[in-house]
Every structure is written in structure tokens, then in C-alpha cells.
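One structure is given here, and the rest of the page talks about it.
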Amino acid sequence: MHAHSGQPTFSDNHGPKLELRKNNTEGWRYEGGCWAVGLGTQRLPVGWTLEFNITERISGWLANMNVGISYVSPDDIPLGDLVLCDPNITNSLNYTRVFVFERFYSDDNVYSFWVDHDGNAHLTPNVTDDGIVFSGVDVKKPFWPIFNVYGDTQAIQLIKLTPTNND
């Protein structure tokens, strides 16, 4: 499968408390803080950037969202795997690697997430000092973006998927 630039969408295979809105480009969590895992429909190629933003937040939670990769296609994940309440879904889904947000900066931020050819996952702006959020991605395997819409995060909007020169 070759990637193409354009509007990314969430897969119809998602946690039971994630509602897809805006032509499946927004994942909105309802009723509580759990069971709202969403995956991108499109594979995330090495060196391509996925842009997203946090469109709704609520206060009072002591945990934050996750963003990362799944080595399993959304179509091949059993629905039961996505019924979980874990502040770090890598602990529950051994085929994932995620970064857990520790803080937010602005609802207006557009975040860029990509994996370079060395297997480093990057997330900008202002998330870590060097922008690297985890390493060790097996770039020989296909992977898809995964989000745990958890804690303070109520909704995430996928904006675009484009080739990047960040690598």
C-alpha cells in the first residue's frame, strides 16, 4: 500500500466510547475517560508527517492522551483489544509504541508526528526538548498512527498526511 498526501481519517475499528465526526477526521470521546482508542486508516510511512490538533479538552483529569504507532492494521485488530482503560496503551497492546502527553500548550497547536529512517518518533511543537518522543520503531514493518483519547483530551482532529523533509 502506498501512501498518498491528503486528508487522513480514523478507522471504523475504534474503542466503543470514541465517536467519529467530521467525515471520520475527528475522534471525540464521550461518557467518561476510557475506551476511546482510535487508529488512522492510512498507514504512516517512514518520513511522512501526520498533522493533528486537539479540538476539545476538559479539565479535572490527572492523565493525558497518547499518540504513537501500531504495527497491526486497524482492520486486523480485534475489537476487544480496543476496550481498555490504560493511561499508556503500550502497557495493554504489545504491538504499539506510544508517547503519553505530560502537558498541553494550546488548543490552537497543530502537532506534527513522524518517524524518521533511524526509527525515532518525533512530535512537535514543544513536547520534549529534542522533539523525539520514543525510539526503536522497526521501520521495516508497516505501521499506523494510534491515539488514546484519554484524560484531559476530549477530541482530536486529523488534519493532513504529507511527505516531509524533517528526516
Taking 0.36 nm per intervening residue step and subtracting the Cα-Cα distance, what contour gain separates residue 56 from residue 110 on full extension?
18.1 nm
Rounded to one decimal in nm, the spacing of the 7 Å Cα→Cβ label points at residue 86 and residue 117 is 3.3
Taking max minus min of the Cα coordinates of the range 95-157 on each principal axis, largest first, gives extents in Å of 34, 24, 17
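Can you tell me the equivalent ellipsoid semi-axes for the range 10-57? Use √(5λ) from the Cα gyration tensor, largest first, whole Å.
Value: 21, 12, 10 Å, ordered largest first.
Any idea what the dipole of the chain comes to, in debye rounded to 20, about its Cα centre with Lys/Arg Cβ at +1 and Asp/Glu Cβ at -1?
That gives the chain a dipole magnitude of about 220 debye.
Pull out a ≥ b ≥ c, the square roots of the eigenvalues of the alpha-carbon gyration tensor of the chain, then state rounded if a/c is under 1.5, prolate if not and a/b is larger than b/c, and oblate in the remaining case.
Details: a/c = 1.38, a/b = 1.20, b/c = 1.15.
Rounded is the answer for the chain, as its axis ratio a/c remains below 1.5.
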How about residue 22: which lysines have a C-alpha closer than 22 Å to its C-alpha, ignoring those fewer than 8 places off in the same chain?
160
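Read-outs throughout are calculated quantities, based only on the coordinates presented, and are distinct from any laboratory measurement. The structure displayed is predicted, hence computed values, not measured ones. With ideal geometry, Cβ positions are generated from the backbone for all residues, glycine too; neighbour counts draw on all protein chains shown.
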